[in-house]
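Values quoted throughout were computed directly from the atomic coordinates according to the rules given, and no laboratory measurement underlies them. As the structure is a computational prediction, the values presented were derived from the model and not from experiment. We place every Cβ from the backbone using ideal geometry, glycine too, and count neighbours over all the protein chains shown.
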Amino acid sequence: MRIRRIIVPSVTVCFLLTSFFLSLGTVIFSATAVLADSRYVIPSAEVVLKSGAGREYRVIGVVKDGDSVEFLEEDGSYAMVRLANGKEGWMLKRYLSVQPPPSTIVASLRAENEKLKQKELELSQQFSEVSANLDKAKNDLNSVLSEKKQVATDYQNLQQDTADVIKIKEDMLKATQQNEVLTQEITALKEENDKLNKDKAINWFMAGGGVLLLGMVLGNLSSKSRKRKSSLL
C-alpha cells in the first residue's frame, strides 16, 4: 500500500491564481505523469467521505477544501484516504491533488514573508546592537590610546626624574666624599693644634725654668758680691 500526502484545494482563491497554478500543474503533470499519479482538480466547497468506494455507501464525514489527507489506495473513481484525526474513508479521486492549493501556497508565502520580516527585524536589532558595541569599542580604544599616551608621558617624566635623582645621588656622594676629606683635614688640624699647644706649654715651661735658673744665678752672684764688699771693709 502506498501512502502519499494529499491536499484538498481551497475555493477561497481568486480565479486568476487558480488558472495559473492549474496551467502550471498541467505542464508539470505532462512531464512527470510516468513517475507519479498526480492530478489537479477544480476547487470545491466540501467533499463527502463515505464508508466504501461507491455512491451506495453511507456518508461518514466531510472533507473541507484545503484539508490535508493521506492517500491510502484507490478503487475506480474513488480513493481511500486517512484524515488528520486518523479517520479513514473513501472520496472521489477527482477532488484530490498532489500539489498544495493556491490558498495554501499563498498562506505559506505570507507566513514565509512574515518570517522574513521578523528575521529582518531581528537582523536590524542585531545590527543596531553591533553598531552600539562597535561605537563602545571605538570609545574604549580611544580611552586606551589616551591612557597609553599618558603612560608614555609619565614614563618620560619618570625617566627625567630618575636622571635627576641619580644626579642628586652623585652630588650627595661627592659632597659626602668632600665632607670626609674636610673631616680628615679638620682632624689633622686638631692634632697639629694639640701638638702645637703641647709644644707651646713645654716652651713656656722651659722658659720659666730658664728665668728661674737665671734668677738663682743672679741672686747667687749678688750674694757673693755683697760678701766680698763686706770683707774689704
Subject >> Every residue from segment 89-125 that is aromatic (Phe, Trp, Tyr) and free of Cβ contacts under 8 Å to residues at least 60 places away in the same chain >> reply: Trp90
Subject >> Odd one out for Leu83, checked against (1) in contact with a strand residue (DSSP E or B) (Cβ under 7 Å, 6 or more places away or on another chain); (2) crowded, with 19+ Cβ neighbours inside 10 Å >> reply: (2)
Original post:
What pairs can you find where one residue is in segment 68-88 and more than 12 Å from Gly52 (Cα to Cα) and without any contact (Cβ under 8 Å) to a residue 40 or more places away in the chain, the other is among the polar types (S, T, N, Q) and surrounded by 13 or more Cβ atoms within 10 Å (Cβ to Cβ), and their Cβ atoms are less than 7 Å apart, with a gap of 6+ or different chains?
Top reply: Ala84/Ser68
**OP:** Go through Val151, Val144, Val106, Val181 for me and flag whichever is of a type in the set (Val, Ile, Thr) and within 30 Å of Phe71 (Cα to Cα).
**Re:** Val106
Original post:
Which of the residues belonging to segment 51-72 are loosely packed, with under 15 Cβ neighbours inside 10 Å, of a type in the set (D, E, K, R) and either closer than 14 Å to Lys93 by Cα or over 60 Å from the mean Cα position of the chain (by Cα) (or both)?
Top reply: Arg55, Glu56, Arg58
